[in-house]
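These notes are about the structure you will find just below.
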Amino acid sequence: MASQPLSLGQFIRERRLAAELTQEQLAAKSGYSQPTISQWERGSELPRLIHLSRLASLLGFDIGEAARLVQPEAEPSEPAA
């Protein structure tokens, strides 16, 4: 059975846990609030590129690796003529 690809939020959470940090600890190190970290991990909000860059620096990942996890929104289909 093939595993589903990680979402950006899951990726951030896995990296935070690998660094042995709580959301509160990451919030203190990053300057972002714990609720913001939680929203990013749940996927209810996406971090801006500048925030993702800061997380990459703190958690030791390549920003390009994380950016590939962001799925572009599907473009609306054209109505049939």
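Every number here is computed from the coordinates shown, using simple stated rules; none is lab data. Just so it is clear, the structure is predicted and the values come from calculations on it, not from any experiment. Positions of Cβ are generated from backbone atoms using ideal geometry, with glycine treated the same way; all protein chains shown enter the neighbour counts.
Answer rounded, prolate or oblate for the range 23-67, using the Cα gyration tensor with square roots of eigenvalues a ≥ b ≥ c: rounded when a/c is under 1.5, else prolate when a/b is larger than b/c, else oblate. The shape class here is oblate. Under 20 Å from a label point set 7 Å out along the Cα-to-Cβ vector of Thr22, the amide N atoms of the range 37-69 belong to 37-42, 59.
As a proxy for reagent exposure, ranking Thr22, Thr36 by other Cβ atoms within 10 Å from fewest up yields Thr22, Thr36. Cβ crowding within 10 Å ranks Glu41, Glu20, Glu14, Glu65 as Glu20, Glu65, Glu14, Glu41, fewest other Cβ atoms first. Residue-wise HN-Hα couplings along the range 31-43, as the Karplus relation 6.51 cos²θ - 1.76 cosθ + 1.60 with θ = phi - 60° gives them from phi, are x, 9, 7, 4, x, 5, 4, 4, 4, 5, 5, 6, x Hz; Gly and Pro carry x.
Over the range 23-67, Cα pairs under 8 Å with separation of 6+ residues give a relative contact order of 27 percent.
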